[in-house]
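Enquirer: Okay, here's the structure, questions in a sec.
The values are calculated or read from the model by the stated rules, or taken from the named source; none is laboratory data. Owing to the predicted nature of the structure, the values given are computational and were not obtained by experimental measurement. All Cβ positions, glycine included, derive from the backbone under ideal geometry; neighbour counts span all protein chains shown.
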């Protein structure tokens, strides 16, 4: 029997976690990162398996302009190094065989928030508002529709019997309702947390736990992000 496998990836989690467990991650080009990402995913596919598709979920970079309340400096988020790298990375992913992007969007409240550490110092009286620097505040933004897209695709793949096995690269438990549905439909559901610590309760809702990225030498078991 051919095993049809789909690999679903929470992009924000992948990028954050990859930078933590790979020493030279920050110096990689968008192409090198995309190639490494593809290799990591393909290690889940055995010789006798058939790759249905690698689905990558993320958000388009914010394209809004805002003024930092500390420096009053205008920031065009569409032209930041982070936005440029993210777009370059997306373009590299599009060139890879069997990789499809599922992009959500960034929602903003137009509010600037103070770094939690600085907030504690303010409340304790250790510093005053005038002591805040440019990087002590950040523009509030949230990714939208990504978790929904992941859940809907898991459900669709399971109900349509498009695959026999789903690999989810993620680090939280938001997928549990969809995973329960998939398992009821007979899908083998495996979680790859990239050596990230997971809540023990998640073991009840998955069929396996496997990270294919090289295990960091300073990690003896699954660690916190």
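Enquirer: Determine if segment 64-75 includes at least one residue that is within 23 Å of residue 196 (Cα to Cα), touching a strand residue (DSSP E or B) at 6+ places or on another chain (Cβ under 7 Å) and not in a strand (DSSP E or B).
Expert: no
Enquirer: Under 6 Å by Cβ, and 6 or more places apart or on different chains, what pairs join a residue from segment 126-137 that is modelled with pLDDT under 95 with one that is in a helix (DSSP H, G or I) and surrounded by 10 or more Cβ atoms within 10 Å (Cβ to Cβ)?
Expert: Sorted first by the residue in segment 126-137, then by its partner, the pairs are 127/121; 136/118.
Enquirer: Let me ask something else. Tell me which of these residue 64 doesn't satisfy, since it passes every other one: (1) over 19 Å from the mean Cα position of the chain (by Cα); (2) closer than 27 Å to residue 137 by Cβ; (3) surrounded by 16 or more Cβ atoms within 10 Å (Cβ to Cβ).
Expert: Result: residue 64 fails condition (3) only.
Enquirer: Across segment 80-90, what is the number of residues that are surrounded by 13 or more Cβ atoms within 10 Å (Cβ to Cβ) and either without any contact (Cβ under 8 Å) to a residue 24 or more places away in the chain or closer than 24 Å to residue 51 by Cβ (or both)?
Expert: Number satisfying all stated conditions: 5.
Enquirer: Additional query: Consider only pairs whose beta carbons are under 6 Å apart and that are at least six residues apart or on different chains; among these, list those whose first residue lies in segment 20-45 and is in contact (Cβ under 8 Å) with a residue 12 or more places away in the chain and on the phi > 0 side of the Ramachandran plot and whose second residue is buried (at least 17 other Cβ atoms within 10 Å of the Cβ) and assigned to a loop (DSSP other than H, G, I, E, B).
Expert: Matching pairs, first to second residue: none at all.
Enquirer: If I ask for residues that are free of Cβ contacts under 8 Å to residues at least 24 places away in the same chain and part of a helix (DSSP H, G or I), which ones from segment 153-166 would you list? If you could, list the steps in order and put the result at the bottom.
Expert: Just the residues of segment 153-166 that are free of Cβ contacts under 8 Å to residues at least 24 places away in the same chain, to begin with: 156, 160.
If the condition is that a residue be free of Cβ contacts under 8 Å to residues at least 24 places away in the same chain and part of a helix (DSSP H, G or I), then 156 is the only one that fits.
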